[in-house]
Amino acid sequence: MFADRGKKLAALHDEALRRARDEAAYGWDASPITTARLCAEIWGAIKEEDWSLVCEVSPWVNRWPLRLWNFDKFYQYIGSSGGFGVGYGAPAALGAALANKKHGRLTVTIQNDGDLMYAPGVLWTSAHHHIPLLSVMHNNRAYHQEVMHVQRMADRRSRGIDRASIGTTITDPNINFAMVAKGMGVYSEGPITDPKDLGPAILRAKEVVKRGEPALVEAVTQPR
Ligand SMILES: Cc1ncc(C[n+]2csc(CCOP(=O)(O)OP(=O)(O)O)c2C)c(N)n1
């Protein structure tokens with residue numbers, strides 16, 4: 001009986017993976033880069049390594065890693081913050097990278113732009129203490145969760161959504177996070193807008209991280 005249930009679950013799992021791969025192909029060459037492609041490119045670069053993903057992936061990148069990657073070790077996913085505190089992501093990832101260092105694991109985080117605005121000094125700390133952390137930035141140039149929330153609320157009150165970007169987007173000027181990282185002593189590449197440049201940039205950054213230093217690759221991405 002258990003074996004039968006196991007077979008059913010395995011078939012459902014294969015079907016879900018097949019569907020996720022189909023869905024991930026939509027907009028594959030789009031710019032801004034899709035969150036599916038972002039996550040697929042990271043997976044391509046790390047899957048042969050002893051990796052550890054130290055960021056939340058829901059809702060920010062549509063759970064793509066959980067849908068497309070193969071997780072089979074407890075330390076491969078840090079899970080959620082619990083409190084939904086924006087500004088938790090960057091420092092939590094760095095702490096996890098420090099904890100992973102003695103095990104020689106390749107620590108990876110998908111870093112949101114809004115989250116990094118809360119505590120960008122984390123970058124300097126990572127350089128100062130030589131903490132190997134591969135940050136791939138999901139820069140959608142907004143506190144996008146707020147964009148959606150304000151749109152929803154304005155719509156509910158029939159006010160129109162044309163002003164929902166006020167105070168919720170991070171444009172004018174666009175932030176060049178790769179330059180911010182460089183200024184803090186962190187190896188960086190980007191901002192990357194052409195999706196085909198992303199994979200090679202992640203591979204180069206990975207080599208820096210494997211030498212024991214932090215690195216950041218900034219991708220300009222779709223909102224979700
Ligand atoms: C400390 C704190 N401040 C404000 C919020 C409200 N909030 C929830 S999501 C969000 C925006 C997050 O922006 P970003 O990290 O860039 O992710 P995005 O939604 O753009 O993918 C904000 C401000 C919060 N959850 N925690």
Just one of (1) surrounded by fewer than 17 Cβ atoms within 10 Å (Cβ to Cβ); (2) in contact with a Lys or Arg (Cβ under 6 Å, 6 or more places away or on another chain) trips up Phe84, so point out which.
-> (2)
So Phe71 fits all but one of (1) assigned to a loop (DSSP other than H, G, I, E, B); (2) closer than 19 Å to Arg224 by Cα; (3) not small (Gly, Ala, Ser); what number is the exception?
-> (2)
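Quick one: which residue in Asp72, Asp115 is at pLDDT 95 or above and within 16 Å of the ligand (Cβ to nearest atom)?
Working: Asp72 fails: within 16 Å of the ligand (Cβ to nearest atom).
That would be Asp115, the only listed residue that is at pLDDT 95 or above and within 16 Å of the ligand (Cβ to nearest atom).
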Quick check, is Pro132 away from the ligand (no atom under 13 Å from the Cβ) and out of contact with any helix residue (DSSP H, G or I) (no Cβ under 9 Å at 6 or more places or on another chain)?
-> no
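Please tell me if Arg37 is without any contact (Cβ under 8 Å) to a residue 60 or more places away in the chain and either buried (at least 17 other Cβ atoms within 10 Å of the Cβ) or at positive phi (or both). Talk me through it step by step, then tell me what you get.
Working: without any contact (Cβ under 8 Å) to a residue 60 or more places away in the chain: no; either buried (at least 17 other Cβ atoms within 10 Å of the Cβ) or at positive phi (or both): yes.
Here the answer is no, as Arg37 does not meet what is asked.
Got at least one residue in region 18-39 being over 14 Å from the mean Cα position of the chain (by Cα) and modelled with pLDDT under 95? Let's see the steps before the verdict.
Filtering region 18-39 for residues over 14 Å from the mean Cα position of the chain (by Cα) gives 18-32.
Add one more test, that the residue is modelled with pLDDT under 95, and what stays is none.
No, because not a single residue in region 18-39 is over 14 Å from the mean Cα position of the chain (by Cα) and modelled with pLDDT under 95.
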Confirm whether Val122 is within 16 Å of the ligand (Cβ to nearest atom), β-branched (Val, Ile, Thr) and closer than 22 Å to Arg211 by Cβ.
-> yes
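Which is surrounded by fewer than 17 Cβ atoms within 10 Å (Cβ to Cβ) and either among the hydrophobic types (A, V, I, L, M, F, W, C) or touching a residue at least 24 places away in the same chain (Cβ under 8 Å) (or both), of Pro59, Pro65?
On the way: Pro65 fails: surrounded by fewer than 17 Cβ atoms within 10 Å (Cβ to Cβ).
None of the other options fit; the residue is Pro59.
The values are calculated or read from the model by the stated rules, or taken from the named source; none is laboratory data. Values in this document were obtained by computation on a predicted structure and should not be read as measured data. As a convention, Cβ positions derive from the backbone with ideal geometry for all residues, glycine included, and neighbour counts pool all protein chains shown.
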